[in-house]
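Before any comments, here is the structure.
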Amino acid sequence: FEHPQLARSALVARPSGENYLRLVERILDLLSRGGADRAQAAWGVDKLLQDATATAAEHATQQHDPDFPADWNASVSALHRTDEATHPAITAHRQHLTSGTPEQRMRWSFDVLVNGITSTPVPDSASESGSGARAD
């Protein structure tokens with residue numbers, strides 16, 4: 001959040017330095033300790049780093065966008081003006097769509113990802129291919 005240019009550049013960069021290796025090492029260790037098998041932990045690294053990078057880039061961009069407050073207020077207003085007859089799901093969930101601080105939402109997002117990583121098997125073919133191809 002403190003370095004918006006770094007967050008945006010991380011969306012397209014392929015890191016490979018020692019800091020990146022330490023980060024990957026730590027994430028693999030934590031996921032393994034949390035119950036992920038080796039394939040889940042390895043695939044989980046990508047998902048966690050993608051989510052963190054995208055979130056940081058989004059928030060960093062918002063901080064430097066003079067139109068962000070007006071755009072945010074317009075989105076919230078649109079959600080609150082919805083009619084239950086045409087948008088019943090939005091009206092039922094309205095209170096929670098914009099609740100929570102960015103920090104609370106980020107923490108929840110990581111919890112969701114980790115819980116999903118540790119309980120979602122990786123396809124059998126992935127552990128055999130070793131191609132190193134990434135979907136991002």
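The values are calculated or read from the model by the stated rules, or taken from the named source; none is laboratory data. Quick caveat: nothing in here was measured; it's all calculated off a predicted structure. Cβ placement follows ideal geometry from the backbone for every residue including glycine, while neighbour counts extend to all protein chains displayed. Side chains are part of the model used for accessible areas, which takes the heavy atoms of the whole protein and leaves out ligands, DNA and RNA. Shrake-Rupley method; radii C 1.70, N 1.55, O 1.52, S 1.80 Å.
Computed quantities for the displayed model
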quantity: Unique match (being modelled with pLDDT of 85 or more and either assigned to a helix (DSSP H, G or I) or open to solvent by 70 Å² or more (accessible area, probe 1.4 Å) (or both)) among Q5, Q50, Q62; calculated: Q50
quantity: Number of positions in segment 38-47 that are open to solvent by 40 Å² or more (accessible area, probe 1.4 Å) and among the small types (G, A, S); calculated: 1
quantity: Whichever residue in segment 74-121 is out of contact with any Ser or Thr (no Cβ under 9 Å at 6 or more places or on another chain) and in contact (Cβ under 8 Å) with a residue 24 or more places away in the chain and, among such residues, is farthest from D51 (Cα to Cα); calculated: P121
quantity: Output for segment 30-44, where each listed residue is over 15 Å from F110 (Cβ atoms) and under 20 Å from the mean Cα position of the chain (by Cα); calculated: S32, A39, Q40, A42, W43
quantity: Yes/no for S125 being farther than 21 Å from R14 by Cα and either out of contact with any strand residue (DSSP E or B) (no Cβ under 8 Å at 6 or more places or on another chain) or at pLDDT 90 or above (or both); calculated: yes
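Residue by residue, here is whether (1) on the phi < 0 side of the Ramachandran plot; (2) surrounded by 14 or more Cβ atoms within 10 Å (Cβ to Cβ); (3) of a type in the set (A, V, I, L, M) holds:
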position: S32; (1), (2), (3): yes, yes, no
position: A36; (1), (2), (3): yes, yes, yes
position: P88; (1), (2), (3): yes, no, no
position: Q95; (1), (2), (3): yes, no, no
position: N115; (1), (2), (3): yes, no, no
